[in-house]
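Here is the structure we will look at, set down as structure tokens.
The values are calculated or read from the model by the stated rules, or taken from the named source; none is laboratory data. Here the structure is a predicted model, which is why all the values come from computation and not from measurement. Note: ideal-geometry Cβ built from the backbone for every residue, glycine included; neighbour counts use all protein chains shown. In case anyone asks, the SASA skips ligands and DNA or RNA and just uses the protein heavy atoms, side chains included. Shrake-Rupley method; radii C 1.70, N 1.55, O 1.52, S 1.80 Å.
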Amino acid sequence: MAMISYLKSCLIAAIWFVFLTFPLMVVKVNTLKNTVEWRWMNMLWVAIGAFILSAVWRWAMERRARGASQKEQESSDSDKKPSLGERLLEDPKLYRPLLGLVVALALLMPWVSEMYQVTIWVFALIYVVLGLGLNITVGLAGLLDLGYVAFFGVGAYTYAILNTRFGLDFWICLPIGGLTGALVGVLLGFPILRLRGDYLAIVTLGFGSIAKIVYENWEGVFNGARGIEKIARPGFFGMEMDISAATTFTYYLMLVMVVFTIFVTNRLKDSRIGRAWMALREDEIACVAMGVDMARTKLGAYALGAFWAGLVGVIFASQTTYINPASFDFMLSAIVLSMVVLGGMGSIVGVVIAALVLNLLPEYLRAFEDYRMLVFGAVMVLMMLFRPQGLVSNVRKTYTHSKKVHAEEANG
Amino acid sequence: MAENTQKLLEVRELTMDFGGLRAVDSITLEVCTGEIVALIGPNGAGKTTFFNCVTGIYKPTRGEILVHPPEQKTYKINGFKPNRVTAMGLARTFQNIRLFQNMTVLENVMIGRHCRTTTNILGAILRGKNTNRQERETIERSYELLEKVGLVHFADEFAKNLPYGAQRRLEIARAMATDPFLLLLDEPAAGMNPQETKDLDELIVRIKDTENISILLIEHDMKLVMNISERIYVMEYGKKIAHGSPQEIRSNPKVIEAYLGEGGDDA
């Protein structure tokens with residue numbers, strides 16, 4: 001009986017889609033010959049396709065509903081069985097070899113693949129750092145930032161200008177770029193300290209647009225829409241490097257940056273500062289009432305998020321050797337934000353995975369280029385429906401306490 | 001009251017206007033060391049607004065709020081930011097529970113230690129000796145507080161998963177983590193069953209006696225208020241209508257009228 005009603009609703013969905021697509025897919029008016037062509041086969045394909053998709057959809061929704069009720073039952077039991085994903089993250093026996101494998105692959109990558117691949121990976125790693133940086137602002141401190149690309153641009157332009165006009169070296173500019181990003185972050189942070197949620201999102205969106213317009217129209221400093229070219233690649237103790245070697249070098253530099261970012265974010269997450277950020281995200285009024293200085297905490301989150309964007313902005317400029325305002329489009333902010341949301345707010349592993357997937361998948365799916373954005377959108381919708389907490393949900397650290405340990409010993 | 005009592009909080013003629021509405025009208029109130037003082041009144045009397053003025057969430061229109069921390073000089077805290085008020089030693093809980101839902105119970109209490117520790121961003125990244133020691137102390141102290149309110153077995157649970165009564169107690173533990181000398185409790189027994197209220201009653205008295213913390217509480221549960229408070233202030237429509245010991249308040253005609261409506265006591 002349930003099966004029949006199930007099939008019936010799928011059938012209704014199929015008929016509805018046939019009706020919707022009928023004018024487009026079936027009727028074809030040829031205005032030259034004044035004839036109407038009826039493509040009935042198309043109707044059949046639409047019907048079959050809609051039927052199957054609807055069946056899969058219903059099955060998935062049902063499975064999800066079952067999963068939810070199961071979870072409730074499980075949480076009433078005292079010992080929960082962690083899923084494979086959680087076990088991978090928690091059990092050293094499982095994640096150490098995996099981590100070793102990932103590190104080995106990452107280190108060997110440039111020697112076994114072409115330069116084209118290495119370049120793709122450099123950009124993917126840049127996105128990883130951007131994602132981790134934004135994760136501090138959005139994921140930990142809960143400050144929705146839609147203009148994150150502005151800080152990335154600040155870093156890139158800082159290096160471009162200092163290098164082409166004043167001949168400053170990459171290694172000097174790297175920290176300068178990061179610090180300039182952080183400084184601009186603080187400057188933006190001041191006026192919007194009181195804002196939250198939607199209002200904050202709108203202001204940061206505006207800030208991102210302003211930054212791009214300034215790069216485009218302030219010819220004297222940013223060279224306008226023509227952009228800045230001939231930016232030096234990073235040097236290594238004055239070694240002469242061709243493009244391929246320089247790319248490999250940048251790749252390793254980015255690997256170091258990613259490790260550095262993960263290290264810093266991880267330490268911050270479980271510290272006094274990180275806890276204050278999370279408390280701010282959870283409840284601002286309660287947070288200040290518990291003695292947390294809101295202004296300082298918020299500005300810290302902004303500055304640190306912007307710092308990473310500025311830092312990789314410098315690397316981005318050195319890798320492409322040419323930047324123009326088009327590189328710092330709103331789309332970039334949107335993609336970085338999606339990485340944080342899809343990866344799981346506040347979760348480092350999740351953001352890294354999401355950043356790699358969102359960047360590498362389009363590259364390796366060049367064959368389906370036309371449908372890229374379609375797939376991208378569909379994946380987002382499905383993710384939010386079935387796993388709104390992101391790929392990896394944020395697991396909180398548990399602390400041990402001398403008394404607790406004694407109690408456990410006494411019990412066990 | 002013992003001889004060596006000292007005023008901790010002294011509020012003079014506090015007035016708070018919202019546009020044309022006077023929510024709090026010239027309220028004068030004081031809390032001394034080792035006291036439990038209750039602030040009662042019908043719904044909408046302005047009790048929570050009064051709390052918000054004292055804790056810095058609102059800036060009062062007129063009046064003075066003076067704080068006399070033990071062995072320190074007096075501060076006038078009008079217009080201080082909430083975090084400064086808390087750092088001074090006044091901690092509060094909220095009428096509608098405001099916990100950090102997606103953090104563990106222990107972390108909630110650890111937030112309370114924020115204003116008593118000093119680790120900055122650089123310190124957190126480098127994790128030096130000082131940072132580790134502070135972190136250790138924060139954890140130990142937070143566990144201690146959880147033990148006091150009886151929530152140790154929930155320590156690693158998310159705050160949102162706690163039963164209602166436990167969430168109320170967690171709010172108290174979090175407030176106590178800021179090392180206050182005065183605890184402001186906004187309807188701590190709201191929504192609790194009689195057994196939970198009785199436990200809370202004992203907890204509040206225990207906090208006063210063992211931790212040396214004075215308490216100012218807003219409460220609707222008359223039994224709790226009459227049981228534990230030494231002095232009671234009654235508010236109605238923003239004004240103070242009575243002040244005295246539980247016995248005096250119980251028989252005060254104005255209070256009875258405010259609670260039971262006009263003509264409630266002349267029958």
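Using a Förster distance of 35 angstrom, determine the FRET efficiency expected from the C-beta separation of A:I285 and A:L53, and round it to 0.05. It would help to have the intermediate numbers written out before the result.
Numbers: r = 46 Å, r/R0 = 1.31.
With R0 = 35 Å, the Cβ-Cβ based efficiency is 0.15.
What FRET efficiency, computed as 1/(1 + (r/R0)^6) with R0 = 25 Å and r the Cβ-Cβ distance, is obtained for A:N217 and A:I243, rounded to the nearest 0.05?
0.20
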Kirkwood Rh and Cα Rg combined as Rg/Rh, the stretch A:161-257: 1.07
Percent carbon-and-sulfur accessible area, the stretch A:102-386, ignoring ligands, DNA and RNA, probe 1.4 Å: 72
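Please work out whether the stretch A:208-325 counts as rounded, prolate or oblate from its C-alpha gyration tensor, where a ≥ b ≥ c are the square roots of the eigenvalues and a/c under 1.5 means rounded, while otherwise a/b larger than b/c means prolate and anything else oblate? Before the final figure, lay out the partial values.
On the way: a/c = 4.28, a/b = 1.62, b/c = 2.64.
Oblate is the answer for the stretch A:208-325, as a/c is 1.5 or above yet b/c matches or exceeds a/b.
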For the stretch B:67-85, residues shielded by at least 10 square angstrom of accessible area compared with the chain on its own, probe 1.4 Å: B:K81, B:P82, B:N83
Alpha-carbon spread of the stretch A:8-69, three principal axes, descending order, Å: 60, 15, 13
Summed residue charge, Cβ within 10 Å of B:L151's Cβ, Lys/Arg positive, Asp/Glu negative: 0
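Once every DSSP H run of n ≥ 4 in chain A is given -39500 (n - 2.57) and the sum is divided by its residues, what mean residue ellipticity at 222 nm do you get, rounded to the nearest 500 deg cm²/dmol?
One gets -24000 deg cm²/dmol as the mean residue ellipticity at 222 nm.
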Per residue accessible area of the stretch B:92-173, 1.4 Å probe, in Å²: 41
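Provide the packing ranking of A:100-110, A:140-150, i.e. peptides ordered by the mean count of other C-beta atoms within 10 Å per residue, highest first. It would help to have the intermediate numbers written out before the result.
On the way: A:100-110: 12.6, A:140-150: 25.3.
Those peptides, ordered most packed to least, come out A:140-150, A:100-110.
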Area projected by the alpha carbon convex hull of the stretch B:156-255, averaged over all directions, nm²: 7.6
Summed residue charge, Cβ within 14 Å of A:L332's Cβ, Lys/Arg positive, Asp/Glu negative: -1
Dipole magnitude of chain B, debye to nearest 20 (Cβ charges: Lys/Arg +1, Asp/Glu -1, about Cα centre): 1140
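Please compute, for peptide B:87-95, the average count of beta-carbon atoms on other protein chains lying within 10 Å of each residue's beta-carbon.
Numbers: counts 3, 1, 0, 1, 3, 3, 2, 4, 0.
Partner-chain Cβ atoms within 10 Å, mean over residues of B:87-95: 2.
Would you mind telling me the antiparallel percentage of the DSSP bridges in the protein assembly as shown, rounded to 5?
60
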Interface size A-B, as summed buried accessible area [1.4 Å probe, Å², nearest 100]: 3600
Exercise: per-residue mean of other protein chain Cβ atoms within 10 Å, B:138-144: 3
Probe 1.4 Å, accessible area per residue of the stretch A:102-386, Å²: 42
Chain A shape via C-alpha gyration tensor axes, a/c threshold 1.5: oblate
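Give the accessible surface of the stretch A:8-69 per residue, rounded to a whole number of Å², with probe radius 1.4 Å and ligands, DNA and RNA excluded.
Details: 4940 Å² over 62 residues.
Accessible surface, normalised per residue, equals 80 Å².
Is the shape of chain B rounded, prolate or oblate, going by the alpha carbon gyration tensor and its root eigenvalues a ≥ b ≥ c, with a/c under 1.5 for rounded and a/b larger than b/c for prolate?
On the way: a/c = 1.94, a/b = 1.53, b/c = 1.26.
It is prolate, given that a/c is not under 1.5 and a/b is the larger ratio.
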Number of partner chain Cβ atoms within 10 Å, mean per residue of B:112-125: 5
Length added when fully stretched, A:S113-A:F22, from 0.36 nm per residue minus Cα-Cα: 28.0 nm
Cβ-derived FRET efficiency at R0 35 Å, B:N96 paired with B:E137, nearest 0.05: 0.65
The stretch B:1-112 - Rg and Dmax from Cα coordinates, angstrom: 15.3, 46
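Using Cα pairs under 8 angstrom and six or more residues apart, how large is the relative contact order of the stretch B:1-104, in percent?
In percent, rounded to a whole number, it is 25.
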Whole-angstrom gap from the stretch B:31-84 to the stretch A:124-152, using each part's C-alpha centre: 40
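Where Lys and Arg each count +1 and Asp and Glu each count -1, what net charge lies around A:F190 among other residues with Cβ under 13 Å from its Cβ? Display every interim value, and only then the final one.
Details: positive: A:R194, A:R296, A:K298; negative: none.
So the environment of A:F190 carries a net charge of +3.
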